[in-house]
Amino acid sequence: MSTKIITPVDEFADFLPQEYKELVARGPYRERRSVEDLGTFKEIIEEHPHCAGCGVSLGIRLLAAALPSPEDTLIVGTPGCSFFGLVQAALNYSNTAFGNQNAVATGLKRMLQIRFPHVHKDVVVVAGDGGIADIGLDLTLHSWFRREKITTIMLDNEVYANTGGQESGMSRQGQVLNMAPQGKRFSKIPVFEMAKVSGCVYGARVTVASPRKVGRAVRNAILVAREFGPTYVQIFTPCPTNMKFPPNQTLKVAKEAEKDHYTYEEFMSAEVAAYLARL
Ligand SMILES: Cc1ncc(C[n+]2csc(CCOP(=O)(O)OP(=O)(O)O)c2C)c(N)n1
Ligand SMILES: [Mg+2]
């Protein structure tokens, strides 16, 4: 978890693929980056395999650009569409069995604190709505109850996209999906509200249509987790493939949601507000 792991020894440098050399020379590691710098540095090793217009891939780009210390960050994921982009991004990434991400992140964070007591090693869970709100819900909540110093980021496309369109706990009531032909019967699980009462000291609900807000939320969440406890960011990442809208409409769909069920919201404890004001 440092630039050392991507820096080749001189003898080997000539043999590396061009893609990799570019990552070493122009990756996200050397200077501080932000969402505003997207397009000016090398983010991923190869073209990612997400569908055209994928909201999840945009969410990954935004959050990766907003990491306060990319070289000292460990992203913990789980099966789902986010896996495709995250394994090829210029990030330290570890995948888990589906739903186990917050338990694995807990162990890794505690281990890193012991191994590197004087460096902030940020452990950030990045997973889909199914991974967090359904199969991993108990492990997510318990990591919050235990006040683990990790950040959880949900890429919410409101569907099990990767497996062909089953309903998730985060799908909207009435939503018809490939494998929910009669429409979903109950409303979205209020994970954002649950975060507030389960120990999260900072939370933000944003959409990919507001890149700066996403960047700020991710950065705040990670800096606050270092000092105070669990933090949560929920990003709406619409899926053109499953929701059957044209791929060039992703931002429009996200923007409309900001006026409807995905209004911007941020919460934090008084102590955290004072800390962020001092930064
Ligand atoms: C234990 C287990 N159960 C089921 C699966 C199959 N599976 C892989 S991805 C996925 C859905 C993921 O949905 P979500 O977390 O919303 O991510 P998305 O693909 O929508 O980004 C499922 C059910 C699995 N890999 N492991
Ligand atoms: Mg999903």
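The values are calculated or read from the model by the stated rules, or taken from the named source; none is laboratory data. What you see is a predicted model, and the numbers here were worked out from it, not measured in a lab. Because the Cβ atoms are built from the backbone with ideal geometry, glycine has one as well, and the counts that use them run over all protein chains shown.
Assorted remarks:
- Tabulated pairs, the stretch 159-181, first at pLDDT 95 or above, second exposed (fewer than 15 other Cβ atoms within 10 Å of the Cβ), C-beta under 6 angstrom, 6+ apart or interchain: Gly165/Met179; Gln166/Met179; Gln173/Ser187; Gly174/Gly183; Val176/Gly183; Asn178/Gly164
- Tally, over the stretch 97-128, of residues that are within 16 Å of ligand 2 (Cβ to nearest atom) and either surrounded by fewer than 21 Cβ atoms within 10 Å (Cβ to Cβ) or in contact (Cβ under 8 Å) with a residue 60 or more places away in the chain (or both): 4
- Test: residue in the stretch 104-121 that is within 16 Å of ligand 1 (Cβ to nearest atom), part of a helix (DSSP H, G or I) and of a type in the set (A, V, I, L, M): yes
- Among the residues listed as Ile150, Ile132, the single one being of a type in the set (Val, Ile, Thr), touching a helix residue (DSSP H, G or I) at 6+ places or on another chain (Cβ under 7 Å), within 12 Å of ligand 2 (Cβ to nearest atom) and at pLDDT 95 or above: Ile132
- Within the stretch 216-249, the set of residues being within 16 Å of ligand 2 (Cβ to nearest atom) and farther than 22 Å from Ala180 by Cα comprises Val233, Gln234, Ile235.
- Selection status of Ile5, at pLDDT below 85, surrounded by 10 or more Cβ atoms within 10 Å (Cβ to Cβ) and closer than 20 Å to Leu86 by Cβ: no
- So Phe84, is it in a helix (DSSP H, G or I) and either touching a residue at least 24 places away in the same chain (Cβ under 8 Å) or under 16 Å from the mean Cα position of the chain (by Cα) (or both): yes
- The stretch 28-42, residues that are crowded, with 17+ Cβ neighbours inside 10 Å and either modelled with pLDDT under 85 or not in a loop (DSSP other than H, G, I, E, B) (or both): Pro28, Tyr29, Arg33, Val35
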